[in-house]
1. Quick one: give the max-minus-min coordinate of the C-alpha atoms of the range 125-165 along each principal axis, largest first, in Å.
2. Quick one: THR187, THR9, fewest Cβ neighbours within 10 Å first, how do they rank?
3. Which order do PHE4, PHE74, PHE102 fall in if you start with the one that has the fewest other Cβ atoms within 10 Å?
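Nothing in this text is a laboratory measurement; each read-out follows from the coordinates by a stated rule. Nothing here was measured: the structure is a model prediction, and the numbers come from that model. We place every Cβ from the backbone using ideal geometry, glycine too, and count neighbours over all the protein chains shown.
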Amino acid sequence: MRAFFFLLTLVIGAAVGLGLTWVTTVNGYGPGLIRSGPWEAWPKAGTEEADPYARAALARAGELPLELADGLAFVARTDSSGAALDGRCDIRLTGGIPQARFWTLTVTDARGRLIDNAAMRSGFTSTEVVWNRDGTLDIALGPRARAGNWLPTGARDRIVLTLRLYDTPVGLASRTSDAPEMPRLVTERCPWSGS
């Protein structure tokens, strides 16, 4: 009878431990988060100093993060007001990009997969966007084609934006107060909601 209770306790402890680890790692890479508006990054996730939660999240997702010396990836799942990014809506990314030698902006579905579309475009790089005269960006995201910088969202209900900064001084300091100013994300129109 004692062996049964011992095994039951062991199974319950393992289930609770694994469950809590999964919950901790499902929306990011554990502690060490820096945030700027809707953008989130984990500078140490790709380093030897990564904590066990970051390592578990990377193993679960099967991702290979950027080494901090190479660059830093910022992820946005919400707009600047906190509403989830909805690919059925018209969304606008405006503002400046932190200093970097090169950057990429990619739109994916909620599971991290590229979105099929007729334009065959899933992102922009710093060399192919049309810049404003003041050095800022204006990128439209949505299901319908737009003139200028437009990223198709495939009318997916949830989308994720990833901005990867390569060869950048951002994130080299470990304090969270060093988060750079990032571009704003504004949901402009959602035809299905009447707004």
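1. 33, 25, 14
2. Starting with the residue having the fewest Cβ neighbours, the order is THR9, THR187.
3. PHE4, PHE102, PHE74
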